[in-house]
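I have placed the structure first, in the form of C-alpha cells, so that the comments after it can refer back to it.
The values are calculated or read from the model by the stated rules, or taken from the named source; none is laboratory data. This structure is a prediction, so every number in the text was calculated from the model and none was measured. With ideal geometry, Cβ positions are generated from the backbone for all residues, glycine too; neighbour counts draw on all protein chains shown.
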C-alpha cells in the first residue's frame, strides 16, 4: 500500500512543528488533515496554501474529540497515522504557579493523549496497522526551571508512549515519541532573547532546529522504513541532551 492510500491527522497542525509535520507527511504522499483551536486567519491561510483540510476543535474536550475525529474520518477516511502534537505552555516558577496554569497544561498536553488517541486506536487495531507519534520535549528528561507543569506533562507523554507501544505491538501499530529541543517556532519566539541566547550557548550545534527537521522525523516514523521502531523517544535536540 502506498503512502497516498494512508491517512494522517496532525493535532495543533497549522503552525510551528505541527505545520512542519503536516507538510512533510503530505510531501511523502500521505492524505493529511490537521486540527487547531482558535487559529482564525492563520488556519484559513494554511489550508488555502497547502490544500490540507483543516478542522477546529479543543483536544482537551473528550466529547469534542469524538465529534471532530468522526468528521475528519468522514472527510479523509479512517486515520492510519496520528501525530499528537497539540500543546500549550503556561510557564512560571512553581511557588508562584496558579492551579489554573497547572491544569491547563496537563489538560491539553497530556489529557489530549487520551482524548484523541482513544478515538482512533480501535480502528487501527481492527485494520492491523497504525502509526502513533507523540510530540514530547527535551525538557521531559532535562527539566527546565519555570516549566514544572510542561515537564510533568511531557514526561507523561513519554510514559504513555511506551505503555501504548507495548499494548499494540502485536496489532501492527507502532507508538513513538519525538523529543525536540528548541526550534524556530512561535512558542520559542515568545521566549526573551537573553534566555534563548543562554539556551543556544548550551546546544553543541549552536542553533535552533528548523521546524522542517522535526517534520522529517515525523514522516520517517510514519513510514515503512520505521516499522521496527516502537516505544522509542527520538531525541532531536542538537546535542542539548545526550545519552
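Of the conditions (1) out of contact with any helix residue (DSSP H, G or I) (no Cβ under 7 Å at 6 or more places or on another chain); (2) in contact (Cβ under 8 Å) with a residue 40 or more places away in the chain, residue 66 satisfies every one except a single condition; which number is it?
Only one criterion is unmet by residue 66, namely (1).
(1) within 15 Å of the chain's Cα centre (by Cα); (2) surrounded by fewer than 19 Cβ atoms within 10 Å (Cβ to Cβ); (3) in contact (Cβ under 8 Å) with a residue 40 or more places away in the chain: which one isn't true of residue 155, the others all being true?
(3)
So, in the stretch 217-235, of the ones that are surrounded by fewer than 16 Cβ atoms within 10 Å (Cβ to Cβ) and in contact (Cβ under 8 Å) with a residue 24 or more places away in the chain, which residue ends up farthest from residue 141 (Cα to Cα)?
The residue in question is 227.
Please indicate, with yes or no, whether at least one residue in the stretch 4-21 is surrounded by fewer than 17 Cβ atoms within 10 Å (Cβ to Cβ) and part of a loop (DSSP other than H, G, I, E, B).
Taking every residue of the stretch 4-21 in turn, none turns out to be surrounded by fewer than 17 Cβ atoms within 10 Å (Cβ to Cβ) and part of a loop (DSSP other than H, G, I, E, B).
Taking only the stretch 61-100 into account, find how many residues are over 20 Å from the mean Cα position of the chain (by Cα) and closer than 23 Å to residue 187 by Cβ.
8
Residues in the stretch 96-111: is at least one touching a helix residue (DSSP H, G or I) at 6+ places or on another chain (Cβ under 9 Å), exposed (fewer than 15 other Cβ atoms within 10 Å of the Cβ) and not in a loop (DSSP other than H, G, I, E, B)?
Checking the stretch 96-111: at least one residue is touching a helix residue (DSSP H, G or I) at 6+ places or on another chain (Cβ under 9 Å), exposed (fewer than 15 other Cβ atoms within 10 Å of the Cβ) and not in a loop (DSSP other than H, G, I, E, B).
Which helices (runs of 4 or more DSSP H) does the stretch 126-208 wholly contain that include 3 or more residues that are over 18 Å from residue 85 (Cα atoms) and modelled with pLDDT under 95?
Per the criteria, 193-202.
Consider residue 188 carefully, then state whether it is within 22 Å of residue 15 (Cβ to Cβ) and surrounded by fewer than 21 Cβ atoms within 10 Å (Cβ to Cβ).
yes
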